[in-house]
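Chemist: Structure in structure tokens, see below.
The values are calculated or read from the model by the stated rules, or taken from the named source; none is laboratory data. All figures in this text were calculated on a predicted structure; none of them were measured in a lab. All Cβ positions, glycine included, derive from the backbone under ideal geometry; neighbour counts span all protein chains shown.
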Amino acid sequence: MPGIGKSVTLVFHNLAKVLHKRGHQVYVIVGSNFPIPDSTKDGSVNYLTFKTDKEYIFASEEFQRNDVKDMIQSDGDMVTNFRMVRTASEFFTYQCAEMLEDQELFVKLLSLKFDVAVIGAYPFLANCQILPYKLDLPVISITSFTSLLGQAGVPLLPSVVPSLFTTFNEDMDFMERVQNFMITLVSNFISTPSIPAELVQRHVSHKPIKTFNEFLRDSILWLVISVNPALEPIPTLPNVILLGGMGVKQPAALPDHLEAFVQKFKSQGVVVVSFGSVVKYLPTEISKRFLGVFSKLKYGVVWRYSGEDLGEIPPNIKLMSWLPQGDLLAHDSVKVFLSHCGNAGLYEALFNGVPVLAMPIAGDQPYNAERLVKRELAIKMSHCGNVFS
């Protein structure tokens with residue numbers, strides 16, 4: 001499947017390593033411009049690429065400077081969320097088409113004689129379902145979109161299961177249930193894509209035409225990487241495995257330069273700041289405001305940052321373009337994690353017992369933040385316009 005983001009790739013890599021250790025050969029399909037994480041190049045996964053002529057969406061300057069800013073200033077509201085999903089959908093739909101048209105890739109896939117395909121069950125990867133159909137492969141669906149589990153037969157009643165596009169939790173009052181019901185109806189309508197019949201016909205002319213929901217219903221197994229029963233109740237079935245936290249690994253020692261910085265603040269403590277792999281950098285004016293606040297803290301601050309030059313950096317702040325996030329959160333000097341509440345960071349913080357200062361931006365992040373706040377594991381920071389509270 002075309003790579004969605006580095007964090008999802010890292011989670012899948014943990015699964016691939018286990019499969020590799022048990023004697024399986026694992027191949028991952030990505031676009032030729034996808035930034036493959038170096039940590040996954042350990043021999044357990046083989047990457048196959050298809051030709052693409054579009055810049056990877058989350059690496060583009062337009063997305064980082066405009067879309068990210070809009071998402072931050074909207075405080076994760078539903079309209080902006082839908083708009084972001086639509087923007088991503090347009091890009092990944094185009095990439096799926098490129099993958100299906102790559103005959104060199106298809107010949108290679110035929111020669112490898114696969115036993116099963118693991119496909120990302122996401123609305124914006126709908127057209128990718130055609131590839132395993134063309135190869136006559138059974139499909140395992142892997143997803144963080146719990147709303148799609150209805151296609152696996154799971155009874156996701158909106159009276160008790162909050163939509164990903166809300167910040168409700170399982171303790172909804174009557175009016176919240178009414179709102180959740182309406183939002184679920186609208187989101188299911190908007191976020192359920194249609195796979196063009198002519199596209200299926202062109203690539204698999206000898207088989208019946210199928211819809212996206214029909215493809216999903218044919219999945220032999222579902223792996224849900226966003227839910228852990230310890231964090232929230234959710235109805236499930238025997239063919240659904242809840243793997244929230246699958247991306248968490250046992251910590252390794254920190255690099256010497258990072259360990260030295262952390263040790264300088266051993267008595268005061270360290271704050272870790274990261275907004276995930278999709279947000280390359282925050283808008284400069286917001287980053288400078290963070291810098292001003294961090295400079296007044298008694299704590300050390302390790303900040304994943306790769307944006308524009310912020311000028312002189314105070315001695316209690318260490319900027320890094322990449323963080324060994326899980327290893328750092330496991331350090332006993334870390335006191336707080338300022339995070340967007342993506343799935344990977346959420347479970348790394350939980351695993352290591354680090355409280356979260358949540359600044360959700362888009363997607364399922366507002367929902368994730370609410371799950372933590374509900375259980376008193378986080379405090380949510382609102383950010384509307386240029387006001388933070």
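Chemist: Here are Gly363, Gly300: which of them is among the small types (Gly, Ala, Ser) and either surrounded by fewer than 19 Cβ atoms within 10 Å (Cβ to Cβ) or closer than 30 Å to Thr146 by Cα (or both)?
Modeler: Gly363
Chemist: Determine which member of the set Ser159, Ser205 is of a type outside the set (Val, Ile, Thr), more than 30 Å from Arg375 (Cβ to Cβ) and in a loop (DSSP other than H, G, I, E, B).
Modeler: Just one listed residue meets the conditions, Ser205.
Chemist: Find the strands (runs of 3 or more DSSP E) located wholly in segment 250-365 whose residues include 3 or more that are in contact (Cβ under 8 Å) with a residue 24 or more places away in the chain and touching a Ser or Thr at 6+ places or on another chain (Cβ under 9 Å), and list them.
Modeler: 270-274, 300-304, 334-339
Chemist: Shifting gears a bit: Can we say Ala152 is in contact with a strand residue (DSSP E or B) (Cβ under 6 Å, 6 or more places away or on another chain) and either of a type outside the set (Lys, Arg) or surrounded by fewer than 19 Cβ atoms within 10 Å (Cβ to Cβ) (or both)?
Modeler: In short, yes.
Listed here are the residues, each with its yes/no results for (1) in contact with a Gly (Cβ under 7 Å, 6 or more places away or on another chain); (2) under 16 Å from Lys264 (Cα atoms); (3) modelled with pLDDT of 95 or more; (4) not β-branched (Val, Ile, Thr).
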{"residue": "Thr284", "(1), (2), (3), (4)": "yes, no, no, no"}
{"residue": "Ser306", "(1), (2), (3), (4)": "no, no, no, yes"}
{"residue": "Asp309", "(1), (2), (3), (4)": "no, no, no, yes"}
{"residue": "Pro314", "(1), (2), (3), (4)": "no, yes, no, yes"}
